[in-house]
Amino acid sequence: MTFLGIDLGTSEVKVILTEQDSTIIASGAVRLRVDTPHPHWSEQSPQAWWHATVDAIAEVRAKAPVPFKALRGIGLSGQMHGATLLDKGGQVLRPAILWNDTRSYAECVELETLVPESGTITGNLAMPGFTAPKLLWLAKYEPAVFRAIHKVLLPKDYVAWRLSGEFVSEMSDASGTLWLDVARRDWSDRMLEATGLSRDHMPRLVEGSDAASSLRDDLRREWGIDAAVTLCGGAGDNAASAVGIGVAGAGDAFLSLGTSGVLFAGTDRFAPNPAQAVHAFCHCLPGQWHQMSVILSAASSLSWLAATLKVDVASLVEAAERVGGLPESAASNAPAESVSQAVATAPIFLPYLSGERTPHNDANAKGVFYGLTGSHDASHLAYSVMEGVAFAMADGYAALQGAGTTLSHASILGGGSRSAFWAQLCADATGISMRRHEGSEVGAALGAARLARLAVTHEAPSDVCVAPRVIETRDAGTMRSDILSGRLERYRRLYRALSAEFAMPA
C-alpha cells in the first residue's frame, strides 16, 4: 500500500507519494499566487488551491502510475489561519483571507475585550493572522458575506472537503483559529459566540492521526484505485513538519527558516505564554501539545534583499559568508580577527518587513537597517539580514524559555536551512545546536503522509514519526558568540527605542 501527503503552502502545493515505510516514490508541485488588493491584505482563491492540488496529484500519478493505484491513505498539511467561507450550497463566498493578512488588527483588541479570558482558553494572544479576528472584520465591513456563511474552513480542510465531501478539521490547525479550547481539545462556545458563530459553522474535530473521511468514489474511480482510500485528520503546516522531521514528543524541537520563521517545541502538556506572543497549540498526535514562536519574515527577508539588489539569493549567501565566515569555508580566507571586526561593524537589521509576532505582537513594526556607513556594501547587508533573522529566532527562544522550555538541540528545516552559515548563525544566537536532516525540504508533506499511514495501519506514532538521518550538526559557541551577544542586546534596544515610532501614522 502507498500513502499520499499533500502540503498546501502559501506559494505552492506539494504532493508526495510514499511507500508503506515512508520512503518517497514520487513528488509533484504547482505554484500558487497571492493577491494583495489593498495594503495589509493577503488573499488566495480556494478554487486555485483545488486546481493546483489536482494538477500536482496528476504529476505524481504520471511518474508512478502503478504505486499510485495502491493508494490507501491521504494526509493533508496546510498553511494555517486562513478564513475560507462557504455558503449552504458549498460555494466560496469570497477569496480566503490568509495568515499574513493584518487588516483585523483592531478586531484583535475588540475580541480580547469581549472575552477577557481568551488567553486562558486559547493559550494565545489575539493576532490579526488568526482566524477569529478576520470574522469580526467581515461582520463589520462585509456583512452580507458574513450573513451567508454556512461553514468556516481552514485551507487544508477546504481541500479535504473537495476530496471527501465531509467537513472535518483537527486539533493542530484548529488551535490557530482562536475558537479552540486548546487544553480541552474542543471548540470553545464562548469564543465562537464572541464572533457571532456557533459549532454549526465549524467542521467536526478529530485527531490528526485518526481516520476522518474517505476519498470520494468518483475521484477514486477516475484515478484508477480499486479499494477505499482513507483521509486522516492531517495537520497544520508546522505540526506536519514536526511529524515529518521526527519531532513527535516533549523535548523535541525544530527551527524553520521558510517564508516565516518558526521555533517549534513539543510538550506533553498545555503550556501557554501569551504575554510574550508564544503560541500554545495542540500537536497533531493524541495527548501531545506544542509551543511555537513565530517571526513573519525569515527567508523572505533575504528574498526581499535579493529582489531589491537584483541579484540571486545564493550569491547573497556567499557574500554574507565572506563577512561572517565559517571556519571551514573556502569562501572565508580572512583571519579570525578581520572576520570579527567585519561582524562587529556590520549594520544591524530588524527583520520586521511584515510586522512581527513573537515576542512583540506588533503589526506596525517595520524593517530597519541601523548603522549604515559609506564603507558598507551588499555583502554587509546580506550578512545583517541573515543575522537579524537569527536574532529574531533568539527572541523567540527567550519567549519559549519564559514558558518553561529549555532546548539543547533542534532540527533545522525550510529553504534557509540549505545554508550551513545561516544554521551556524542561528545556533550561535540561540545557544541551541542545529541538526540538518536528509530530505528535510519535504517535511510537511512527509508528515502528512505519515499521519495517513498511522490512520490506516494503527501503528504506534513512535515507530512511524522518526527523524531522518542527520547529515550535519552546527553547535553553538563559535568565535562569533561573544560579539553576537552584544549585537543581540543592541538589536533588542533598537526595537524598544523605535516601537513608539512604528506606531505613528505613515
Please identify the pairs in which a residue from the range 218-233 that is closer than 16 Å to Val60 by Cα has its Cβ atom under 7 Å from the Cβ atom of a residue that is of a type in the set (Lys, Arg), counting only partners at least 6 apart or on another chain.
Trp223/Arg61; Gly224/Lys69; Ile225/Lys69
Filter the strands (runs of 3 or more DSSP E) completely within the range 189-287 down to those with at least 1 residues that are modelled with pLDDT of 95 or more and closer than 30 Å to Leu350 by Cβ.
253-257, 261-267, 279-282
Can you pull out every residue in the range 41-69 that is in a helix (DSSP H, G or I), among the aliphatic types (A, V, I, L, M) and touching a strand residue (DSSP E or B) at 6+ places or on another chain (Cβ under 6 Å)?
Ala52, Ala56, Ile57, Val60
Could you please give the count of residues in the range 470-506 that are touching a strand residue (DSSP E or B) at 6+ places or on another chain (Cβ under 9 Å), without any contact (Cβ under 8 Å) to a residue 40 or more places away in the chain and hydroxyl-bearing (Ser, Thr, Tyr)?
0
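Hey, could you check the range 453-475 for residues that are of a type in the set (A, V, I, L, M, F, W, C) and assigned to a helix (DSSP H, G or I) and say which is farthest from Leu215 (Cα to Cα)? Outline the logic, then answer.
Narrowing the range 453-475 to residues of a type in the set (A, V, I, L, M, F, W, C): 454-456, 460, 464-467, 470-471.
Okay, now just the ones that are also assigned to a helix (DSSP H, G or I), so 454-456, 464.
On the way: Leu454: 17, Ala455: 14, Val456: 13, Val464: 23 Å.
Among those residues, the one meeting the criterion is Val464.
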Do any residues in the range 63-91 that are under 14 Å from Leu154 (Cα atoms) have Cβ atoms under 8 Å from those of residues that are charged (D, E, K, R) and surrounded by fewer than 24 Cβ atoms within 10 Å (Cβ to Cβ), where the two are at least six apart or on different chains, and which pairs are they?
Leu85/Arg94; Leu85/Lys151; Leu86/Lys151
Scanning the range 433-465 for residues that are of a type outside the set (D, E, K, R) and exposed (fewer than 13 other Cβ atoms within 10 Å of the Cβ), which turns out farthest from Thr406 (Cα to Cα)?
His458
What is the number of the single condition among (1) within 22 Å of the chain's Cα centre (by Cα); (2) in a helix (DSSP H, G or I); (3) surrounded by 20 or more Cβ atoms within 10 Å (Cβ to Cβ); (4) free of Cβ contacts under 8 Å to residues at least 60 places away in the same chain that Ala132 does not meet?
(4)
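The values are calculated or read from the model by the stated rules, or taken from the named source; none is laboratory data. Remember, it's a predicted structure, so these values are computed and weren't measured experimentally. Virtual Cβ from ideal backbone geometry, glycine too; neighbours counted across all protein chains shown.
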